[in-house]
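The values are calculated or read from the model by the stated rules, or taken from the named source; none is laboratory data. Note that the structure is predicted; figures quoted are calculated from it, not measured. Because the Cβ atoms are built from the backbone with ideal geometry, glycine has one as well, and the counts that use them run over all protein chains shown. Accessible surface areas use protein heavy atoms only, side chains included; no ligands, DNA or RNA. Shrake-Rupley method; radii C 1.70, N 1.55, O 1.52, S 1.80 Å.
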Protein chains: 2
Amino acid sequence: MSKASSSVDRVYDRLRQMAANFEFKPDERINESALSTKLGASRTPLREALNRLVAEGFLTFQNGRGFFCRSLSPKRIVDLYEARQAIECEALRRAIARASDEEIRAVLDYLNETEPHYKTCESTMELLEMDEDFHIKLALLSGNSELVSMLRNINDRIRYVRLVDLKMILAKKQIAKNEGAKLSAHRIVLNALAARDEDAAVLAMRNHIERRREEATEAVRIAYSQLYVPAE
Amino acid sequence: MSKASSSVDRVYDRLRQMAANFEFKPDERINESALSTKLGASRTPLREALNRLVAEGFLTFQNGRGFFCRSLSPKRIVDLYEARQAIECEALRRAIARASDEEIRAVLDYLNETEPHYKTCESTMELLEMDEDFHIKLALLSGNSELVSMLRNINDRIRYVRLVDLKMILAKKQIAKNEGAKLSAHRIVLNALAARDEDAAVLAMRNHIERRREEATEAVRIAYSQLYVPAE
DNA sequence: TCATACAGAATTGTATACAGCAATATATGC
DNA sequence: GCATATATTGCTGTATACAATTCTGTATGA
């Protein structure tokens, strides 16, 4: 009746979350026995899940030495941001060609609903989730499930750094506070999409992501230090 | 000293090849016991390899029912071609910004060396390999390893259809035979790259891939029938 | 003829065992 | 004290066993 999720799936979901949040430290070696008892499953399903995560880029694997957390390097994050630009801009192009006005309208409704919270929201994690949701909804308009799953993968792999980046931005906004009247980047993209203006939409999207990409190196630096500083 | 490749790795490489070539028929269920004896390894490493391939999009997995070959649908192939456009065009942009003249020159040398064979080559498989190699070399100029590995994944997943497509093209060329003097699409892209002309390069690349994408539906139809017709 | 129920066979899901390798600690020579 | 060799420990890699589930074929009833 309900979902009969297997041990592998449970373990996989949990591990993916842990890996995304860098609950394994960068380059840390993963002890299978310890982890298997912690997750309440034997090593067999655990290793199957670990292998999936290797293929997805969350972990690495060295023969005879086992599984390791991926490293956290600025270069890698910048590469992923570039890949994100590629995927999201392509998705946008396809959305312009294929999405119905109603579908676009639905995303606009979501934006209208969530945008007020951009300023007031307390939790940066919630903020990031809203942001990711918006981008995924946009990508879904492309009708291309490969692009969507690629974007999901990238988002999960850069989430930790994005969270740090977002905190940086908010800290600066507190000082600057001049963003009030300006159209949000999301709205600019969506307006161009609704007008079926491909060049404007793609350009806006590229710039939107580009701005974050430029901050990536600093964000990684902060993220790195944060991972090795006790949480007070 | 040399690579101490494990059982999982051997099995994985072999399975990936088999999956790419649709040696498993679309949607076919995979019998683990039979496959493990065939590959000379027990089910444990086999399943680890299968899990990797699921994450890479070569296979699917249903809880309690096991592993299946991915299905072969025009929609999926078209989606992958679109993703390829996204990746390769982005890589090209970055190559224009970052690749040195020497690096570009090296790819040009490769093109000069291989292009003569485009017309004479007997084996369509070899032809496709040369084509893939060219595109990978181009992507490598981006300096972005994420884009490269994404492209590799896509190429492996559409290879079977591309092979069929290539045979179609060659069959038509036999009749048309008017391609002699025209610049190859590869050369147009590479020239624009060397001239650091982003718009021209990206446009040429998009068109180059677009042409194949348009043929995808027909190619899939042929591929599908070919898979179920005895090889005489 | 079709749907349903059931029994047996086949297959998957997971735990466990153990051999072999890698990392670490200990001992030895200089 | 330092480097090198050696023993010990711990962990990984793979095979195998068995329980749980799914599938297949057959029989039964409408």
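Here is a yes/no grid of residues against (1) within 8 Å of DNA strand C (Cβ to nearest atom); (2) buried (at least 19 other Cβ atoms within 10 Å of the Cβ); (3) within 19 Å of B:Leu46 (Cβ to Cβ):
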| residue | (1), (2), (3) |
| --- | --- |
| A:Ser6 | yes, no, yes |
| A:Arg16 | no, no, no |
| A:Asn21 | no, no, no |
| A:Lys25 | no, no, no |
| A:Leu50 | no, yes, yes |
| A:Ala55 | no, yes, yes |
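Quickly run through segment B:53-86 and pick out the residues that are over 23 Å from B:Thr217 (Cα atoms) and either touching a strand residue (DSSP E or B) at 6+ places or on another chain (Cβ under 9 Å) or not in a helix (DSSP H, G or I) (or both).
B:Leu53, B:Val54, B:Phe61, B:Gln62, B:Asn63, B:Gly64, B:Arg65, B:Gly66, B:Phe67
Could you pull out the residue among A:Glu215, A:Glu198 that is open to solvent by 40 Å² or more (accessible area, probe 1.4 Å), in the same structural domain as A:Tyr110 (by TED's automatic domain parsing) and at pLDDT 95 or above?
Just a single option satisfies the conditions, and that option is A:Glu198.
Hey, among the residues in segment A:27-48 that are away from chain B (no Cβ under 11 Å) and part of a helix (DSSP H, G or I), which one's nearest to DNA strand C (Cβ to nearest atom)?
Among them, the one singled out is A:Ser36.
Please verify whether A:Arg10 is touching a Gly at 6+ places or on another chain (Cβ under 8 Å) and open to solvent by 50 Å² or more (accessible area, probe 1.4 Å), treating the condition exactly as stated.
No; evaluated as a whole, the condition is false for this residue.
Looking at segment B:85-97 only, could you name the residues that are over 18 Å from B:Arg162 (Cβ atoms) and either open to solvent by 10 Å² or more (accessible area, probe 1.4 Å) or acidic (Asp, Glu) (or both)?
Residues satisfying the conditions are B:Glu90, B:Arg93, B:Arg94, B:Ile96, B:Ala97.
Which one of B:Ser123, B:Ser100, B:Ser142 is open to solvent by 10 Å² or more (accessible area, probe 1.4 Å), under 19 Å from the mean Cα position of the chain (by Cα) and either within 14 Å of chain A (Cβ to nearest Cβ) or more than 23 Å from A:Leu140 (Cβ to Cβ) (or both)?
B:Ser123
Here is a yes/no grid of residues against (1) in contact (Cβ under 8 Å) with a residue 40 or more places away in the chain; (2) within 16 Å of DNA strand C (Cβ to nearest atom):
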| site | (1), (2) |
| --- | --- |
| A:Gln62 | no, yes |
| A:Glu90 | yes, no |
| A:Arg93 | yes, no |
| A:Ile104 | yes, no |
| A:Glu113 | no, no |
| A:Met125 | no, no |
| A:Glu132 | no, no |
| A:Ile136 | no, no |
| A:Glu146 | no, no |
